[in-house]
Amino acid sequence: MSTDIRSESAPFSIPNTEWAGQELYFYETIDSTNTKAKELATEGARHGALIIADEQIAGKGRSGRSWVSQKGASIYMTLLLKPQIKPENAPMLTLVTAMAVCDGIESVAKIDCQIKWPNDILAHGKKVCGILTEMDASRGEIHSIVIGIGINVHNVSFSGELSQKATSVDLESGKRQSRQAIMEAVIRAFEHYYAIYVQTEDMRELVEGYCKRLINLHQEVRVLDPKDPFSGIAIGITPRGELIVDTKEGTREVSSGEVSVRGPHGYV
Ligand code: BTN
């Protein structure tokens, strides 16, 4: 059973932000915080509302995959935005969020984080966070954007293929970290980066900071475009967040969408 709990009584709170996370919904168990955020958006939840769950029974990942969401183990949260921006500029918010997640985890757990383009967060080469952004827009107008953030925090092991590529904040930092502190730091950092992004509705002021964290930078990448897969060396991102890849035939710019990128021999 799910219960709506406003910020007064939720086990988590986001103090000291201007707008993000001030309206807070907490659920012990829910299908997916992204699904709930979309529902709340139509019911009048405000720009900046944050939906947090302790467990998801139908957590969603990118490309139709599911996101394993064991009770109490990780952070499952979705930030609802109702921004006055053009729909075509919204995908960059995922990259903005990736920067905020890196800052947030680093400041609390003191571990180095990197970004695998466009928005996987890695600690010591393994995935520690995934981001799923979904938009509801029609006739050039955005009704809502939901940014779902899943951060592995207390997990001690991962099953199946995840065992090779996933990790948690506790495992990498060698001690038990606080989900509250990480959430707070991530949302605060998001507010900071969002304010920069929204001025131009692109990444032009954030390219440098993003590239400092980009694990693919100067590395060989394989772009898994179902229609046209190709390889090259990643040399940066454009102000629109596209990955710039140097190939034998020249430079190509790759936009995120459903395209994913791999290293020459595996995930990174
Ligand atoms: C990915 O595949 O890398 C994206 C994973 C996103 C998972 C988060 S957990 C909170 C939010 N609710 C969901 O159902 N998914 C996102």
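The numbers here are math on the coordinates, done by the rules we state, and not lab data. This is a predicted model, so every value here is computed, not measured. Cβ sites come from the backbone with ideal geometry, for glycine too, and all protein chains shown count toward neighbours.
Using square roots of five times the C-alpha gyration tensor eigenvalues, list the equivalent-ellipsoid semi-axes of segment 43-136 in whole Å, biggest first.
Taking √(5λ) for each eigenvalue gives 22, 18, 14 Å, largest first.
If I measure Cβ to Cβ between cysteines in the chain, which ones have no partner under 4.7 Å?
So, CYS129, CYS211.
Taking the Cα centroid of segment 194-211 and of segment 58-126, what is the distance between the two, rounded to the nearest whole Å?
16 Å
Considering only Cα-Cα distances, which of the following residue pairs are longer than 31 Å: LYS86/LYS227; LYS82/LYS175; LYS36/LYS212; LYS175/LYS212; LYS71/LYS127; LYS38/LYS175?
LYS82/LYS175; LYS36/LYS212; LYS38/LYS175
In units of 2.2 N^0.38 Å, what is the alpha-carbon radius of gyration of the chain? Provide the component values of the computation, followed by the final result.
Values: Rg = 17.7 Å, N = 268, 2.2 N^0.38 = 18.4 Å.
Scaled against compact globular proteins, the figure is 0.96.
In segment 169-268, what GluC sites (Glu not before Pro) fall in a loop by DSSP, with at most 15 other Cβ atoms inside 10 Å?
Passing both the DSSP loop test and the Cβ count: GLU205, GLU249, GLU258.
Which angle between 0 and 90 degrees, to the nearest 10, do you get for helix 179-200 versus the longest principal axis of the chain when only C-alpha atoms count?
60 degrees
Run the quick spin-label model on SER163 and LYS212: label points 7 Å from Cα toward the beta carbon, then report their separation in nm to one decimal.
3.8 nm
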